[in-house]
Amino acid sequence: MKVYAIAGRKISIMRQKNLSNDELQDRVDVFIKAIEDDGLDHDEFMELFASHRFNTRNIAKAAFVAKNYFPPEMYIDADTDVRDGLIKILSNPECGNRTIVDNVLLCLAIIGDDVVKKQFWEWEKNPMPWRKSLYVGSEFYAQKGGYTFDEEGNEIKLVYDKCHELRKGDYKISPIKIGKVREADCPMCEMKLVDIVTINGNDKRLKHIGINGTVTSTICVNCVSFYDMYSKYELDGSANLIGEYEAKEECYVKPEELEVLANNTYSLGEEVHPHYGIHNNANTIGGFPHFVQDLKYLDCPTCGKKMKYLTQLHWDTIIEDMEGMLYIDICLDCNVTGAFHQQT
Ligand SMILES: [Zn+2]
Ligand SMILES: [Zn+2]
């Protein structure tokens, strides 16, 4: 455990839930000192940020002065001076350091106010010289802030503002059920398909999702590790795979493991702040996902628009020995969900 001294008091940084405001302020002070000394522990910062979502205004100030642009979450509450300072860095045609460009774009994306959005769209239309050093444009970086743009520059929201944790509990009275094994077989590996998540959108805690009925997302637990899988839902709770799944795949998941999955008791837990799921080992619905690889929001196979992130599940919480994360996105216009897998 690390111990820091601030104003003569010793403060330890450790995994702790429900810190008081004073305790949080102490930790913010520790982070600022660490930034000034160029010794910020990213994991400690992210863990506390995800669990407590404290205000980062002063951290952003210190980080900007120290020319420290990672992790970008430090900048989420940056004031307008810091924001404008970041924009100024990238407005310099000489700015050619790819790491700096990359990190500053992510910091701005996460600030995500109207000025940033306007600037991102401007850079998308009229690229700066640094654009040549990047694989993707600023509309991709914007996704870090939970939004992107369509071809006319209109904003598309990629996340829900509200977030709930999924907790083990009485799933029988929960508006969310995880993992129902179906009769139908996967066309690729012939294992039973699974309704990985069923959500009753009529529950008042989930009204913000915008579904007047039930959403079900169907996948093959085995094949979703290799393919993005899409299904179309009806509001009565039924769903069927859509897309072409013609390859033949070997099945690595055992039938008894599906039974374990079907017996999980994850249900709708309390509301948490939108960034709660980005670093905690938490299964969540709504808010921001924790991408273990690159940012990814699926394109709807029916209308082609970006889908919205709906829910994330840590595989090892529902199936033993399975690693990585499962993400479910949704297109409300087409009644389609998409599922994909990431692991380190
Ligand atoms: Zn399969
Ligand atoms: Zn669509």
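Bear in mind these aren't lab numbers, they're just calculated from the coordinates by the rules spelled out. Fair warning: this is a prediction, and the values are worked out from it, not measured in the lab. Positions of Cβ are backbone-derived with ideal geometry, glycine not excepted, and every protein chain shown enters the neighbour counts.
In table form, for the structure just shown:
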| item | result |
| --- | --- |
| Contact order normalised by residue count of region 218-344, Cα under 8 Å, 6+ apart, percent | 26 |
| In region 245-344, the chymotrypsin sites (Phe, Trp or Tyr not before Pro) that fall in loop regions by DSSP, at most 15 other Cβ within 10 Å | Tyr252 |
| Fewest-first ranking of Met322, Met229, using other Cβ atoms within 10 Å as the exposure measure | Met322, Met229 |
| Prolate/oblate/rounded call for region 160-342, Cα gyration tensor, a/c under 1.5 rounded | rounded |
| Residues Met128, Met191 arranged by fewest to most Cβ contacts within 10 Å | Met128, Met191 |
| Value in Å of the Kirkwood radius, where region 2-157 supplies the Cα pairs that are averaged | 16.5 |
| Sum of -39500 (n - 2.57) over DSSP H runs of 4+, divided by residues of the chain (222 nm, nearest 500) | -8000 deg cm²/dmol |
| Two-decimal log10 I(q)/I(0) for the chain, as the Debye equation yields it once each C-alpha is a single scatterer, q = 0.09 Å⁻¹ | -0.55 |
| Evaluated at q = 0.16, 0.23 Å⁻¹: base-10 log I(q)/I(0), Debye formula over Cα of region 256-315 | -0.67, -1.01 |
| Coordinate range along principal axes, alpha carbons of region 111-196, Å, largest first | 54, 33, 22 |
| In region 15-116, GluC sites (Glu not before Pro) in a DSSP loop with at most 16 other beta-carbon atoms within 10 Å | Glu94 |
| For Ile173, Ile196, Ile242, order by how many other beta-carbon atoms lie within 10 Å, fewest first | Ile173, Ile242, Ile196 |
| Simple label model, 7 Å out from Cα along Cβ direction - Asp170 to Asp22, nm | 3.9 |
